[in-house]
Amino acid sequence: MRYVPLDTPKPISKIGLGTWQFGSREWGYGPDYEQRAAQIVRRALDLGVTLFDTAEIYGFGRSERILGAALGDDRAKVVVASKIFPVLPLAPVVQQRAVASAARLGVAGIDLYQVHQPNPVVADTTTMRGMRTLQDVGLVGEVGVSNYGLRRWRFAEAALGRRVLSNQVRYSMVDRGPEKDLIPYAEQAGRIVIAYSPLGQGFLSGRYDARNPPAGAVRRANPYFLPENLERGTELIATLREVADAHDATPSQIALAYLLRHPNVVAIPGASGVEQVERNAAAAEIDLADDEHAALVTAAHAFRPVTGLAAVPKLIRARTRK
């Protein structure tokens with residue numbers, strides 16, 4: 001495992017574990033998945049994973065409880081990250097919700113506490129006042145944000161009066177927006193971009209095509225899995241396979257290695273089983289050659305999916321046919 005080259009109280013692994021699926025039925029893993037969650041977490045610890053990310057909204061608190069129980073006595077050794085869903089993120093509310101999350105996780109302090117979404121009405125001035133108090137009393141270590149643009153990230157940091165260590169955003173080879181400004185800022189300022197959905201919810205795994213679309217409510221609602229987009233992604237997947245063959249790896253591992261080439265980027269893929277955790281962790285050790293990276297960049301830029309409003313009627317038709 002490799003780690004982010006920053007001065008943090010605990011090392012932050014380049015591959016973390018995202019736990020949205022812990023206790024969330026919409027992923028379609030079934031009730032037995034909770035039993036596997038402990039095995040997944042224990043194996044991740046064995047492989048050097050130190051960042052475990054959850055949120056109070058995941059399974060309405062169940063993800064935090066499952067993760068805390070699975071970590072057990074190792075909770076103090078790793079970076080436990082959670083997120084407040086900012087329905088009314090006033091300072092007292094932020095403090096109360098952090099206490100509740102810490103209790104569900106079974107920790108004395110949350111290593112990284114993040115604002116899950118920017119609130120369009122409540123300014124970060126009051127939200128960060130609550131975060132600052134949490135830091136002052138020792139309940140929160142580092143503060144982070146999620147789904148923030150660069151301008152609001154920097155404003156949140158000014159409001160906190162301290163570093164806002166991380167910004168957790170959607171980032172993958174098919175969602176490359178963070179490369180424009182967030183990642184350059186992170187590298188310049190000594191911050192971290194945490195990439196969620198780093199495999200495009202499995203689009204980049206190569207497991208799906210127009211004749212074999214995914215099951216499950218989450219992926220069916222993702223326009224990338226429209227038959228037309230799966231067809232358009234053929235060349236991108238082919239390039240991933242070609243590079244993967246050269247490294248005796250999988251397309252998913254190469255897609256992760258593409259992100260991790262940035263020193264201040266951490267990826268937090270989920271996992272449906274122990275084997276997937278092992279494959280994800282191994283991706284941190286892959287060094288892409290310059291020509292391989294260039295080929296991936298070219299293939300990623302050539303992918304032009306149907307998204308936004310244009311995808312809505314196609315998604316409706318696709319759901320109706322099922």
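The values are calculated or read from the model by the stated rules, or taken from the named source; none is laboratory data. None of the values given here were measured: they were computed from a predicted structure. Neighbour counts are summed over all protein chains in view; Cβ atoms, including those assigned to glycine, are modelled from backbone coordinates with ideal geometry. These accessible areas exclude ligands, DNA and RNA; they are computed on the full protein's heavy atoms, side chains included. Shrake-Rupley method; radii C 1.70, N 1.55, O 1.52, S 1.80 Å.
Descriptive notes on the structure:
- Within the range 248-284, the residues that satisfy the criterion of being touching a residue at least 24 places away in the same chain (Cβ under 8 Å), assigned to a loop (DSSP other than H, G, I, E, B) and either out of contact with any helix residue (DSSP H, G or I) (no Cβ under 9 Å at 6 or more places or on another chain) or surrounded by 18 or more Cβ atoms within 10 Å (Cβ to Cβ) (or both) are Ala249, Thr250, His262, Asn264, Ile268, Pro269, Gly270, Ala271.
- Qualifying residue in the range 109-117 (condition: at pLDDT 95 or above, more than 30 Å from Leu236 (Cα to Cα), of a type in the set (Ser, Thr, Tyr) and open to solvent by 10 Å² or more (accessible area, probe 1.4 Å)): no
- Pairing each residue of the range 90-106 that is touching a residue at least 24 places away in the same chain (Cβ under 8 Å) with any residue that is assigned to a helix (DSSP H, G or I) and open to solvent by 60 Å² or more (accessible area, probe 1.4 Å), provided the two are 6+ apart or on different chains, yields C-beta distances under 6 Å for Ala91/Arg129; Arg104/Arg65.
- Leading residue by the ranking (farthest from the chain's Cα centre (by Cα)) among those in the range 45-78 that are open to solvent by 10 Å² or more (accessible area, probe 1.4 Å) and of a type in the set (Val, Ile, Thr): Ile66
- Considering residues of the range 79-89 that are touching a residue at least 40 places away in the same chain (Cβ under 8 Å) and under 21 Å from the mean Cα position of the chain (by Cα) only, the residue nearest to Asp46 (Cα to Cα): Val79
- Helices (runs of 4 or more DSSP H) wholly inside the range 142-225 that include at least 1 residues being modelled with pLDDT of 95 or more: 150-160, 182-189
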